[in-house]
Every structure is written in C-alpha cells, then in structure tokens.
Amino acid sequence: MKEYIVVIAGGGSTFTPGVVKALLTKKNEFKLKELRVYDNDAERQRKVSIITKSVVDEMDSGLKFSQHTEPKEAFENADFVFAQIRVGKYPMRELDEKIPLSLNTIGQETCGPGGMAYALRTIEPMIEIVDYMEKYSNSNCWMINYSNPASIVAEAMRRIRPNSKVLNICDMPVGMMQKMTDVFKCEYEDIEPEYFGLNHFGWFTSLKVKGIDRTQEMKDFIKENGLFPKNNYDLQHKDASWQKTYKNMKYMMNLFEEYIPNTYMQYYLLGDLILQQLNKEYTRANEVMDGREATLFKVIDEYEKTGKYDKEAFHVGAHGLFIVDVANSLANDMKKKYLVIVENKGAIKNLPDDAMVEIPCYITKDGPVATYHGLEIPTFYKGMIEQQLASEKCLVDAYMENSYVKALMAFTLNKTVSSSQKAKEILDRLIEANKGYWPELK
C-alpha cells in the first residue's frame, strides 16, 4: 500500500488534533508515511502540537510527526496539503462580525461584509501556500482547502492559479446530513444527496436513503422542528448560536418548501430575524474564543504541567472526517461521490460556466468529476445565486485590481447589505480595521 506525506497548513488550528485523529482512524485505508504541520505562528502551533503529537503517539506511534514554520521543510515531497488557515485569527473575526453589526447589518464569519473582509485577508496567503506546494511538493500533490470563505477563495484560485491542483470543500452539508441520520435512523454513508449552489449558499433537492427517496419526510420534519433532532447534537455545532441556526431552518422551510436550504441561507432569507438574534456585544467569535479555544488551551496548559489531558476537549467532527474521506478517494481513485466546489462548466446550464458551484462530484485520482450535465435550476434560485456570484466576483476583481470601487460594488450587491450608502460606511470601517491585511484599495 502506498504511503503518503500529508501537510496540514494551519497547524495551530484548534481543529488540527481532530483532523489528525480522523486521519489515523483511516490509517489502514489511507496510510501515512509522514505527517507535518505548518503555521506562521510558531508558539500557537507548538502548543496545539502537544495534543496533536499525543494523538499520533496513541494511534500510530511509528508515524513520523514534525512541526514547521519554514515552507521548504514543510512542503518538500508532500502528497497532500490540507489547508485550514485563519488569517488574523479570532480577534479579526470578531471585528468582521461586530463592525457590520454596529451599523445594523448582519455580521457573520463567511457571509455578508464579514465574509468579504475575511476573504480579502485570505486570498494572498492562500496563493502563497499554493505556490509553496507547487515549488516544493511532488508534481501530483493535491491541496484540499477548508479555509473560509471557501466560495470566494475558490473563485480567486480559479482566476489567479487556474492550473493548480486545489480542491475546495466545506463540511456544512456533511454536518447537516449527519444530523439527518437521527431522523432517518440510518448511517451518514446511507444518505445520497442531490444539491446545488455556491458554498454556504445552496439547497438540497433530494435525499435518498439506501436508494429510497425520503426528501419529503425530511422537509416535513424541518417544517415542524427545524433541523433539530432530539438525539443528535454534533459537538462541532453544539453552541447556542448553532442551536438558533438549526431552529431557523424551520422558518426557511415553511417559507420556501421546494428545496431544503443550507443553514447559511438564514443570513440571506431571514435577515430581519437574524439581526434580532445576534448580540452586537457578544458574537460567534466570542463564543468560540470562550469555548473551543479556551477549553483546548486550558487542556494544553494542564498537559504541560501533568502529562495528562481530557480527551473530550477536542473531537473528530464533520470537518476532520470529510477532508480525510475526500483525500482517500483522490489517493485511491475510489470515485466516491461528495459535495465539493468546482468550476461549473455546464453542469448547471443556466449559470455561468465559470461559476464556482457546490455540487455532487465523483472524486477520482485526477480530481472531481461533476455528476450534473446540463441541470436547469428554477428562476428564484438562479436569481439568488447570480446576485451572490456577482458580489463574489466583484470582490475578487477588487483584490486583483486594488479597486475600491469594485469592493464597494461587491458590498452593495450582497443581499445582506441594505444600500450602497450602508455598503460604503461598512467598507470604510473595515478598511481601517484591516490595515496590514488587505491590499491597498484605490
């Protein structure tokens, strides 16, 4: 069996121990020769790696594990790069959320102005990592990118590094399907979805369980309960903000019952309600910093003192399992079907060919192969997607052209922003907050 060198870019992420645990649960199918973590924050990575290394020692003690801040050492001869970077870390996410909220506009990590702020910080570092991979890794190396906001990052990579082996993915549809298993009384692998959209902007059109269509059953459940099964609270999405999100599925499903929306559609379809629910002083960023972040680093500090830690402090969620499943299918040409982000190229015939769409694809050794060929989507969804797509494309234009006007167009087009005047006010505040991170917009 071939053995692979895997690099996790963003090794200081609190998700890293869970991703590694997911990798090692599949070690008999996806055998590792070496595991490396890479981050530009050496101290944060050192701390997280204390737990990551303990996972390696427990699950595959012979595996070579190393930490790196130098690109050549990290990427040399790698077979896979898992990218999960967060530029500016959670303090910048907090600003992404709170600046729009202070102006009575939705503040969210990947959607609306906050998502666009995050994207303008992330594009350049993503290009840098892709270039490291292409310079130092083997010629067949694939990057599987989890870094948000995935839709805009994917559009930027399509235009700036069009020939690179980068596959953009998101675990939100997977997380939703995992919650659905409690309703269907089945395993996650039993569910076969049909889905279309952009990342964090899409809809399930069909859900089959072992070949039987059970879409209406799920719609009826969501109309009554939201996506809120009694016995299935995945640890990755257990916080209060996520509980509200799953409840909000009920309102969306009762408004538009044709298709099942991605949870993130709440920011575009339920804007007034979301603004009422969001706390301008304590956002999701604060929830994560006080929760997952604080818990893991407290455990790390305790481990450094005692040599012991609570293994419940981190978990293997949809995030870790999905990236490993996709890598395994790429490595072993398994042709398994997953929802991933790819260039449209006629898969959805009434959307632009160059749109980066999230759809079911077979994952082969040569990359993703779309299962749709000429799908036509209804006017409402087409219109929603085209507006969001235009916003995202204008933002990438702004990055590439250093254009203030294109950035303003992007913010104005976004459905979460009420007017061009509001867009300008938010943009100007975010430019000030992101000095040193964004390109200079002129």
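Per-residue answers, yes or no, for (1) loosely packed, with under 15 Cβ neighbours inside 10 Å; (2) in contact (Cβ under 8 Å) with a residue 40 or more places away in the chain; (3) not in a loop (DSSP other than H, G, I, E, B):
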residue: Val6; (1), (2), (3): no, yes, yes
residue: Gly11; (1), (2), (3): no, yes, no
residue: Lys21; (1), (2), (3): no, yes, yes
residue: Arg36; (1), (2), (3): no, yes, yes
residue: Glu43; (1), (2), (3): yes, no, yes
residue: Glu94; (1), (2), (3): no, yes, yes
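Just checking, which of Lys308, Lys349 is farther than 30 Å from Asn28 by Cα, open to solvent by 20 Å² or more (accessible area, probe 1.4 Å) and among the charged types (D, E, K, R)?
Lys349
Which one is nearest to Phe75 (Cα to Cα) among residues in segment 109-132 that are open to solvent by less than 10 Å² (accessible area, probe 1.4 Å) and among the hydroxyl-bearing types (Ser, Thr, Tyr)?
The selected residue is Thr122.
Can you name every residue in segment 193-235 that is assigned to a strand (DSSP E or B) and at pLDDT below 95?
Result: no residue meets the conditions.
Does any residue in segment 253-271 that is assigned to a helix (DSSP H, G or I) come within less than 7 Å, Cβ to Cβ, of a residue that is among the basic types (Lys, Arg) six or more places away or on a different chain, and which pairs are these?
Close Cβ pairs (under 7 Å, with a partner that is among the basic types (Lys, Arg)) amount to Met253/Lys219; Met253/Lys223; Asn254/Lys223; Tyr268/Lys415.
Can you tell me which residues in segment 285-295 are touching a helix residue (DSSP H, G or I) at 6+ places or on another chain (Cβ under 7 Å) and either open to solvent by 70 Å² or more (accessible area, probe 1.4 Å) or modelled with pLDDT of 90 or more (or both)?
Within segment 285-295, Ala285, Asn286, Glu287, Val288, Met289, Glu293 meet the criteria.
I'd like to check something: does segment 69-81 contain any residue that is in contact with a strand residue (DSSP E or B) (Cβ under 6 Å, 6 or more places away or on another chain) and more than 14 Å from Ser137 (Cα to Cα)?
No, that holds for no residue.
Inspect all residues belonging to segment 394-407 and state whether any of them is within 28 Å of Asp354 (Cα to Cα) and in contact with a Cys (Cβ under 6 Å, 6 or more places away or on another chain).
yes
Could you tell me which of the residues Ser137, Ser102 is open to solvent by 10 Å² or more (accessible area, probe 1.4 Å) and within 22 Å of Asn40 (Cβ to Cβ)?
Checking each option against the conditions leaves just Ser137.
Residues Ser147, Ser151: which one is touching a His at 6+ places or on another chain (Cβ under 7 Å), within 25 Å of Ala347 (Cβ to Cβ) and not β-branched (Val, Ile, Thr)?
Only one candidate qualifies: Ser151.
Within segment 66-79, work out how many residues are open to solvent by 30 Å² or more (accessible area, probe 1.4 Å) and either among the aromatic types (Phe, Trp, Tyr) or over 15 Å from Thr16 (Cα atoms) (or both).
Result for segment 66-79: 6.
Residue-by-condition table, conditions (1) within 17 Å of Val87 (Cα to Cα); (2) out of contact with any Lys or Arg (no Cβ under 9 Å at 6 or more places or on another chain):
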residue	(1), (2)
Leu120	yes, yes
Ile129	yes, yes
Ser137	no, yes
Cys141	no, no
Asn145	yes, yes
Pro149	yes, yes
Glu155	no, no
Arg158	no, yes
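What are the residues in segment 324-341 that are in contact (Cβ under 8 Å) with a residue 40 or more places away in the chain and either assigned to a strand (DSSP E or B) or open to solvent by 50 Å² or more (accessible area, probe 1.4 Å) (or both), if any?
Matches in segment 324-341: Asn332, Lys337, Tyr338, Leu339, Val340, Ile341.
What residue, of Lys435, Lys422, Lys382, Lys393, is part of a loop (DSSP other than H, G, I, E, B) and open to solvent by 30 Å² or more (accessible area, probe 1.4 Å)?
Lys435
What number of residues within segment 352-377 are out of contact with any Leu (no Cβ under 7 Å at 6 or more places or on another chain), of a type in the set (Gly, Ala, Ser) and crowded, with 18+ Cβ neighbours inside 10 Å?
Here the count works out to 1.
Criterion first (charged (D, E, K, R) and outside any loop (DSSP other than H, G, I, E, B)) does Lys406 satisfy it?
yes
Please verify whether segment 177-185 includes one or more residues that are over 25 Å from Glu376 (Cβ atoms) and in contact with a Cys (Cβ under 6 Å, 6 or more places away or on another chain).
Checking segment 177-185: not a single residue is over 25 Å from Glu376 (Cβ atoms) and in contact with a Cys (Cβ under 6 Å, 6 or more places away or on another chain).
The values are calculated or read from the model by the stated rules, or taken from the named source; none is laboratory data. Because the structure is predicted, anything quoted here is derived from the model rather than measured. No Cβ is skipped: glycine too gets one built from the backbone with ideal geometry, and neighbour counts run over all protein chains shown. What goes into the accessible areas is simple: the full protein's heavy atoms, side chains included, and nothing from ligands, DNA or RNA. Shrake-Rupley method; radii C 1.70, N 1.55, O 1.52, S 1.80 Å.
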